[in-house]
Amino acid sequence: MSGSTIDVLVAGAGAAGMAAALAASEQGSEVVVVEAKETFRLGSNTAMSTSMVPAGGSRWQRQAGIDDSPERFYSDIMAKTKAAADPVVARALTRLAPDLVAWMADSAGVPFELVTDFQYPGHSRDRCLAVADRAGSTLHRHLLDEVARRPEVTLITPMRLTALEHDGSQIVSVRLETPDGGREEVTPHRVVLATNGFGARQDLVARYIPEIEGALYHGGDESTGDALAIGELLNADVGYLDAYQGHGSVASPHGILVTWATVMHGAVLVNTSGERFGDETTGYSEYAVPVLKQPDGVAWVVFDRRIDRACRVFKDYQDLLAADAIRWSKGTEELAGVIGAPAASLAGTLIAVEEAAVGDSDDSFGRTLWEEPLRPPYGSIKVTGALFHTQGGLRVDGNARVLRDGDPIPGLYAAGGAAAGISGHGADGYLAGNGLLSALGLGYLAGRHHGTDD
Ligand SMILES: Cc1cc2nc3c(=O)[nH]c(=O)nc-3n(C[C@H](O)[C@H](O)[C@H](O)COP(=O)(O)OP(=O)(O)OC[C@H]3O[C@@H](n4cnc5c(N)ncnc54)[C@H](O)[C@@H]3O)c2cc1C
């Protein structure tokens, strides 16, 4: 590669990097993607995800007769983040989203379908698209296959971007390293940092997001904050470093995601005292910390056969079945034995759930979404709260350009977890799908941008 001209260098081959590479190649650019981890096809956040990508006003919604728009989606983002989301980036991504998902389907062959069997918390319309097995690895494979078909794109792995020098008007050099000690310097015209966030760095999590410090980390192990470190050396603007996606239900000890679709279909979470501890439907991200505050930092997701059937479409759920993580109990007493909870307490909780679900009384936590009451036999899975990925990072504009004192740094872009996202602060601003939307959307905008000032 030394000496050759690279139009666009992309660091990271997750959703953000793939979208950037594909979009840049369509502009006629020669693109090199360097990826740090040889096994990234399984270990990146994109591969671990459930493939949900939201778009307000997509053609899939039109076909299903769903009235939605970028404006409505933007309003939902602002409502969920209490107006704390970056308005420029949120506006750019919600406007782009319908075209982005159409482009992914038409140009990259991603077989999206609209998820209509339940709504994730905070979305006022059915607007999440996903692949049939709800597996990020499937979504990722389609993007990788398309990249492999493009002669303009070269993917090199394992190779890590480790440093970037910029003279204020252009990129001067980029250092690339291989695990065997190989090193080279290149001078691309543009660089897209698509290296995700800092979830795998305990020290940075402790510094910026102490509330989730020490929790299970259930994300890519190369999310080591490389973009943040590079940006800080360039005095780039950084923001929202306390923002993250948590999750209130990762099976313990299996380490497999228990989809929140269980909850949205009517499941509840109880602790080892047999008690619920909140309105589960507010959101899975903000439920990580309440779960961690329960005795031993665990809870049990309790559901029934109807919910079991509804969740089988998820690959993660199939993995739970294969791992024998689900315990079935004929009734409350047996369930109490499984959980190790006092039977009377658990029985009281389930009676109250039934009354709220059929509308006989108000739920003491204010929950109103139930679908149907739970019916025995009861399924249960022991879960813990986890950190999935961080949502803060380099501040970017509506073209994914990295900012310094509010102005773009020429030639430098960030996308996905490397950039500050649209989730506001903390855990509760995260809306399902906004991780992949920030990755794919900012990646696409970065790849498509031609590098001039407008
Ligand atoms: C279990 C789980 C489920 C999720 N489900 C969803 C969902 O359904 N919808 C949604 O929107 N979001 C979901 N998310 C979040 C989503 O996965 C992330 O927001 C998104 O994948 C981030 O994409 P990315 O390209 O920025 O990062 P990644 O996919 O992690 O890609 C970054 C890549 O960069 C590489 N890298 C790191 N440093 C360097 C370097 N210096 N040089 C070169 N390469 C480097 C890494 O090895 C990695 O392959 C989920 C997350 C988890 C953990």
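With in contact (Cβ under 8 Å) with a residue 60 or more places away in the chain and over 28 Å from residue 217 (Cα atoms) as the only criterion, which of 135, 105, 97, 130 stands out? Before you say what the answer is, go through the steps one by one.
Values: 135 fails: over 28 Å from residue 217 (Cα atoms); 105 fails: in contact (Cβ under 8 Å) with a residue 60 or more places away in the chain; 130 fails: over 28 Å from residue 217 (Cα atoms).
From the options 135, 105, 97, 130, the qualifying one is 97.
Within the range 394-413, work out how many residues are in contact (Cβ under 8 Å) with a residue 60 or more places away in the chain and on the phi < 0 side of the Ramachandran plot.
Here is the first cut: in the range 394-413, the ones in contact (Cβ under 8 Å) with a residue 60 or more places away in the chain are 394-400, 402-406, 409-413.
Checking which are on the phi < 0 side of the Ramachandran plot leaves us with 394-399, 402-404, 409-410, 412-413.
Residues in the range 394-413 being in contact (Cβ under 8 Å) with a residue 60 or more places away in the chain and on the phi < 0 side of the Ramachandran plot: 13 in total.
Could you say whether any residue in the range 185-202 is in a strand (DSSP E or B) and either acidic (Asp, Glu) or surrounded by fewer than 16 Cβ atoms within 10 Å (Cβ to Cβ) (or both)?
As a first pass, look at the range 185-202 and keep what is in a strand (DSSP E or B): 185-186, 190-193.
If we keep only those that are either acidic (Asp, Glu) or surrounded by fewer than 16 Cβ atoms within 10 Å (Cβ to Cβ) (or both) as well, we get 185.
Looking through the range 185-202, at least one residue is in a strand (DSSP E or B) and either acidic (Asp, Glu) or surrounded by fewer than 16 Cβ atoms within 10 Å (Cβ to Cβ) (or both).
Going residue by residue through the range 410-428, is there one that turns out to be hydroxyl-bearing (Ser, Thr, Tyr) and either within 12 Å of the ligand (Cβ to nearest atom) or assigned to a loop (DSSP other than H, G, I, E, B) (or both)?
Taking the range 410-428 as the starting set, the residues that turn out to be hydroxyl-bearing (Ser, Thr, Tyr) are 413, 423.
Subsequent filtering for residues that are either within 12 Å of the ligand (Cβ to nearest atom) or assigned to a loop (DSSP other than H, G, I, E, B) (or both) retains 423.
Checked the range 410-428: at least one residue is hydroxyl-bearing (Ser, Thr, Tyr) and either within 12 Å of the ligand (Cβ to nearest atom) or assigned to a loop (DSSP other than H, G, I, E, B) (or both).
Among the residues of the range 243-260, is there at least one that is over 29 Å from residue 139 (Cα atoms), out of contact with any His (no Cβ under 8 Å at 6 or more places or on another chain) and part of a loop (DSSP other than H, G, I, E, B)?
From the range 243-260, those over 29 Å from residue 139 (Cα atoms) are none; that's our starting set.
Within the range 243-260, not a single residue is over 29 Å from residue 139 (Cα atoms), out of contact with any His (no Cβ under 8 Å at 6 or more places or on another chain) and part of a loop (DSSP other than H, G, I, E, B).
Determine if the range 100-114 includes at least one residue that is under 26 Å from residue 26 (Cβ atoms), in a strand (DSSP E or B), more than 17 Å from the chain's Cα centre (by Cα) and modelled with pLDDT of 95 or more.
Kept after step one, since they are under 26 Å from residue 26 (Cβ atoms), are these residues of the range 100-114: 100-114.
If we keep only those that are in a strand (DSSP E or B) too, we end up with 113-114.
After this cut, where a residue has to be more than 17 Å from the chain's Cα centre (by Cα) as well, the list is 113-114.
Restricting the remaining residues to those that are modelled with pLDDT of 95 or more gives 113-114.
Looking for residues that are under 26 Å from residue 26 (Cβ atoms), in a strand (DSSP E or B), more than 17 Å from the chain's Cα centre (by Cα) and modelled with pLDDT of 95 or more, one finds at least one in the range 100-114, hence yes.
Give me the pairs, please: first residue somewhere in the range 353-380 and under 17 Å from residue 301 (Cβ atoms) and in a loop (DSSP other than H, G, I, E, B), second residue anywhere and open to solvent by 40 Å² or more (accessible area, probe 1.4 Å) and basic (Lys, Arg), beta-carbon distance under 7 Å, and either six or more positions apart or on two chains.
372/306; 376/330; 377/305; 377/330
If a residue has to be away from the ligand (no atom under 11 Å from the Cβ) and farther than 18 Å from residue 207 by Cα to count, how many in the range 238-248 make the cut?
First, pick out the residues of the range 238-248 that are away from the ligand (no atom under 11 Å from the Cβ): 238-243, 248.
Restricting the remaining residues to those that are farther than 18 Å from residue 207 by Cα gives 248.
Total satisfying the criteria: 1.
Give me a count of the residues in the range 43-68 that are farther than 19 Å from residue 197 by Cβ, open to solvent by 30 Å² or more (accessible area, probe 1.4 Å) and not basic (Lys, Arg).
Final tally of qualifying residues: 6.
Of all residues in the range 164-184 being open to solvent by 60 Å² or more (accessible area, probe 1.4 Å) and touching an Asp or Glu at 6+ places or on another chain (Cβ under 7 Å), which is nearest to the ligand (Cβ to nearest atom)?
My answer is 175.
Can you name the residue in the range 302-328 that is β-branched (Val, Ile, Thr) and open to solvent by 10 Å² or more (accessible area, probe 1.4 Å) and is also modelled with the highest pLDDT among such residues?
Step one: of the range 302-328, the residues β-branched (Val, Ile, Thr) are 302, 307, 313, 326.
So of that shortlist, the ones also open to solvent by 10 Å² or more (accessible area, probe 1.4 Å) come out as 313, 326.
Values: 313: 93, 326: 98.
Out of the qualifying residues, it is 326.
Among the listed residues 231, 283, 219, 214, identify the single one that is farther than 30 Å from residue 371 by Cα, within 16 Å of the ligand (Cβ to nearest atom) and either more than 18 Å from the chain's Cα centre (by Cα) or open to solvent by less than 10 Å² (accessible area, probe 1.4 Å) (or both). Show your work before the answer.
Numbers: 283 fails: farther than 30 Å from residue 371 by Cα; 219 fails: either more than 18 Å from the chain's Cα centre (by Cα) or open to solvent by less than 10 Å² (accessible area, probe 1.4 Å) (or both); 214 fails: within 16 Å of the ligand (Cβ to nearest atom).
Only one candidate passes the filter, namely 231.
Mind checking which residues of the range 72-90 are outside any helix (DSSP H, G or I) and within 16 Å of the ligand (Cβ to nearest atom)?
The initial filter retains those residues of the range 72-90 that are outside any helix (DSSP H, G or I), namely 81-86.
Scanning the range 72-90 gives 81, 85, 86.
So residue 375 passes all but one of these: (1) buried (at least 17 other Cβ atoms within 10 Å of the Cβ); (2) touching a strand residue (DSSP E or B) at 6+ places or on another chain (Cβ under 6 Å). Which condition number does it fail?
Unmet condition: (1).
Return the pair list, or none, for Cβ contacts closer than 7 Å from residues in the range 437-450 that are charged (D, E, K, R) to residues that are open to solvent by 10 Å² or more (accessible area, probe 1.4 Å), at least 6 apart or on different chains.
448/27
Just give me the residues in the range 130-163 being part of a strand (DSSP E or B), near the ligand (Cβ under 10 Å from one of its atoms) and not charged (D, E, K, R), in sequence order.
In the first step, residues of the range 130-163 are kept if they are part of a strand (DSSP E or B); the result is 130, 153-156, 160-163.
Those left that are additionally near the ligand (Cβ under 10 Å from one of its atoms): 130, 156, 160-163.
Across the range 130-163, the qualifying residues are 130, 156, 161, 162, 163.
Could you grab me the full set of residues in the range 10-35 that are open to solvent by 30 Å² or more (accessible area, probe 1.4 Å) and near the ligand (Cβ under 6 Å from one of its atoms)?
none
Each row is one residue, and each column tells you yes or no for (1) charged (D, E, K, R); (2) in contact with a Phe, Trp or Tyr (Cβ under 7 Å, 6 or more places away or on another chain).
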position: 337; (1), (2): no, no
position: 352; (1), (2): no, no
position: 375; (1), (2): yes, no
position: 387; (1), (2): no, yes
position: 394; (1), (2): no, no
position: 397; (1), (2): yes, no
position: 403; (1), (2): no, no
position: 422; (1), (2): no, no
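Considering only the range 40-71, how many residues are away from the ligand (no atom under 11 Å from the Cβ), outside any loop (DSSP other than H, G, I, E, B) and charged (D, E, K, R)? Step through it out loud before you land on a result.
Within the range 40-71, the first condition is being away from the ligand (no atom under 11 Å from the Cβ), and the residues that meet it are 55-71.
From what is left, the residues that are outside any loop (DSSP other than H, G, I, E, B) are 59-63, 70-71.
Those still in the list that are charged (D, E, K, R) too: 59, 62, 71.
Here the count works out to 3.
Report, by residue number, each residue of the range 113-142 that is among the hydrophobic types (A, V, I, L, M, F, W, C) and open to solvent by less than 20 Å² (accessible area, probe 1.4 Å).
So in the range 113-142, the residues among the hydrophobic types (A, V, I, L, M, F, W, C) come out as 114-115, 118, 128-132, 135, 139.
Of everything in the range 113-142, those that are among the hydrophobic types (A, V, I, L, M, F, W, C) and open to solvent by less than 20 Å² (accessible area, probe 1.4 Å) turn out to be 115, 118, 128, 129, 130, 131, 135, 139.
How many residues, within the range 429-446, are more than 7 Å from the ligand (Cβ to nearest atom), open to solvent by 10 Å² or more (accessible area, probe 1.4 Å) and more than 17 Å from residue 11 (Cβ to Cβ)?
Counting residues in the range 429-446 that are more than 7 Å from the ligand (Cβ to nearest atom), open to solvent by 10 Å² or more (accessible area, probe 1.4 Å) and more than 17 Å from residue 11 (Cβ to Cβ) gives 1.
The values are calculated or read from the model by the stated rules, or taken from the named source; none is laboratory data. Values in this document were obtained by computation on a predicted structure and should not be read as measured data. Cβ sites come from the backbone with ideal geometry, for glycine too, and all protein chains shown count toward neighbours. Remember, those area values only see protein heavy atoms, side chains included, never the ligands or the DNA or RNA. Shrake-Rupley method; radii C 1.70, N 1.55, O 1.52, S 1.80 Å.
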